[in-house]
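*Asks:* First the structure, which I've put down as structure tokens, then a few questions once you've had a look.
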């Protein structure tokens with residue numbers, strides 16, 4: 001896997017985590033709203049990620065060479081209703097403990113991915129002979 005392919009995957013993961021964080025905080029904000037159903041963002045499957053990756057990138061040494069088009073790995077991620085573990089008498093299905101735990105885990109995942117991304121940038125800059 002090339003460095004740029006890895007960085008594209010990390011960017012896509014950060015976009016997905018950012019979108020998920022918005023949905024989770026919306027769930028927490030609506031914990032007392034009657035009839036509100038908790039939502040989550042579906043994670044792209046491994047198969048989808050593999051389909052979006054080029055196995056071997058084509059080298060353009062001649063202007064007549066074809067270029068490879070790669071779809072975004074974060075495209076098509078939809079918000080879905082989760083099956084609630086419990087529904088309160090008001091019809092609300094938000095469990096604050098679960099949502100807080102998921103939001104915390106989501107933040108930790110984002111920090112991990114962004115840390116890896118920064119290290120990749122530093123490694124590329126070092127390879128290019130630039131000091132940070």
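*Asks:* Can you tell me how much longer the chain between residue 45 and residue 128 gets when fully stretched, taken as 0.36 nm per residue apart minus their C-alpha distance, in nm with one decimal?
*Replies:* Numbers: separation 83, 0.36 × 83 = 29.88 nm, distance 3.43 nm.
Full extension from residue 45 to residue 128 adds 26.4 nm.
*Asks:* Ok, one more. Could you give the length gained on full extension between residue 116 and residue 15, defined as 0.36 nm per residue of separation minus the Cα-Cα distance, in nm?
*Replies:* Stretched fully, the residue 116-residue 15 segment lengthens by 34.9 nm.
*Asks:* How much length would be gained if the chain were fully extended between residue 37 and residue 107, taking 0.36 nm per residue of separation minus their Cα-Cα distance, in nm to one decimal? Present the calculation step by step, with values, prior to reporting the outcome.
*Replies:* Numbers: separation 70, 0.36 × 70 = 25.20 nm, distance 2.23 nm.
Value of the extension gain: 23.0 nm.
*Asks:* Follow-up question, since we're still on this one. Between residue 86 and residue 29, what is the spin-label point distance in nm, taking each point 7 Å from the Cα along the Cα→C-beta axis?
*Replies:* 2.6 nm
All of the numbers you see were taken from the coordinates with simple rules; none came from a lab. Predicted, not measured: the structure shown is a model, and the values here were computed from it. We place every Cβ from the backbone using ideal geometry, glycine too, and count neighbours over all the protein chains shown.
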